[in-house]
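Enquirer: One structure coming up, written as structure tokens, with questions to follow.
The values are calculated or read from the model by the stated rules, or taken from the named source; none is laboratory data. It should be emphasised that the depicted structure is a prediction, and the values quoted were computed from it without experimental measurement. Backbone-built Cβ (ideal geometry, glycine too); neighbour counts: all protein chains shown. All accessible areas refer to the heavy atoms of the entire protein, side chains included, with ligands and DNA or RNA removed. Shrake-Rupley method; radii C 1.70, N 1.55, O 1.52, S 1.80 Å.
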Amino acid sequence: MAETELVVRPFKMIGEVFTGVAGVFLIITAVGQDWVEVQFFRTSHVITWGLWDICVGGVCLPDSGWLEICRGMLLLAVLLSLTAFVCGVVGLCVHSHCSKRVWFLLAGVLLSLVALLDLLTLIIYPVMFNMDIIHLQTDSHWTYPLKTWNFDWTFGFGWGAFIFTVAASVFFILPLDDKKTVSNPF
């Protein structure tokens, strides 16, 4: 007589670990103030802008809606990432094969949405920041000519979160056979 035993493949546990890492990276990205490092001619200091900074040291970005959209998308990504983490934990704890699969698929779909929101934020922010900086350079009241601007470490955490989120999503969505038949010789 053979009995069916439910096992959890390491891919799901790896997906859960990646979801946790991505969540931490997203939180660091969301609260970090160093997305872009800007250096101007005739000044020795460097100014950093993030999602929450519009004015730094008397230098202000134009008040536009793109920064609020980026903030909203990233905060939604953080919330969905935490929800996906909880779905993954529930999927690891449930004993029914069908329920386990549903929880893992839900976590994978949520993580795909998180990856999309993170990617959109990471694309929109530098494009719009560049347009605002160029606009400031053409303003007659602007006294600081731009020397250079570079992405800073918090922006890099955003890309790290994207990579971990995509990997976790793939690990959760993979349709692995979790049923294992064990023969009882006695």
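Enquirer: Please give the solvent-accessible surface of residue 93 in Å², to the nearest 10, using a probe radius of 1.4 Å with every protein chain present.
Expert: About 90 Å², ignoring ligands and nucleic acids.
Enquirer: Roughly speaking, to the nearest percent, how much of the range 68-131's 1.4 Å accessible area is carbon and sulfur?
Expert: Looking at the range 68-131 in its full context, I get 83 percent from C and S.
Enquirer: So what J values fall out for the range 106-116 if you push phi through Karplus, 6.51 cos²θ - 1.76 cosθ + 1.60 with θ = phi - 60°, rounded to Hz, Gly and Pro as x?
Expert: Coupling constants for the range 106-116: 4, 4, x, 5, 4, 5, 5, 5, 4, 4, 5 Hz.
Enquirer: To the nearest 10 square angstrom, how much accessible area does residue 127 have with a 1.4 angstrom probe?
Expert: Roll a 1.4 Å probe over it and residue 127 shows about 80 Å².
Enquirer: Evaluate the distance, in nm, between pseudo-label points positioned 7 Å from the Cα of residue 153 and of residue 102 along their respective Cα→Cβ axes.
Expert: 4.4
Enquirer: Subtracting the Cα-Cα distance from 0.36 nm times the residue separation, let me have the gained length for residue 92 to residue 17 in nm, one decimal.
Expert: That pair, residue 92 and residue 17, stretches by 25.8 nm at full extension.
Enquirer: Further question: Tell me which residues come under 5 Å, amide H to amide H, from residue 48 once H is placed; ignore anything under 5 positions away on its chain.
Expert: Those lying under 5 Å, H to H, from residue 48 are 38.
Enquirer: Can you pull the three principal axis extents for the Cα set of the range 70-141, in Å, largest first?
Expert: Extents along the principal axes, in whole Å: 67, 13, 11.
Enquirer: Suppose each label sits 7 Å from its Cα in the direction of the beta carbon; what would the residue 123-residue 46 distance come out to in nanometres?
Expert: 2.8
Enquirer: Still on this model: Which distance in nm do the two modelled labels at residue 116 and residue 170 give, with both placed 7 Å along the Cα-to-Cβ direction?
Expert: Distance between the two pseudo-spin positions: 1.9 nm.
Enquirer: Quick one: Karplus J couplings for the range 66-83, per residue in order, coefficients 6.51, -1.76, 1.60, θ = phi - 60°, nearest Hz, x for Gly and Pro?
Expert: 5, 5, 5, 5, 4, 4, x, 5, 6, 5, 5, 5, 4, 5, 5, 5, 5, 5
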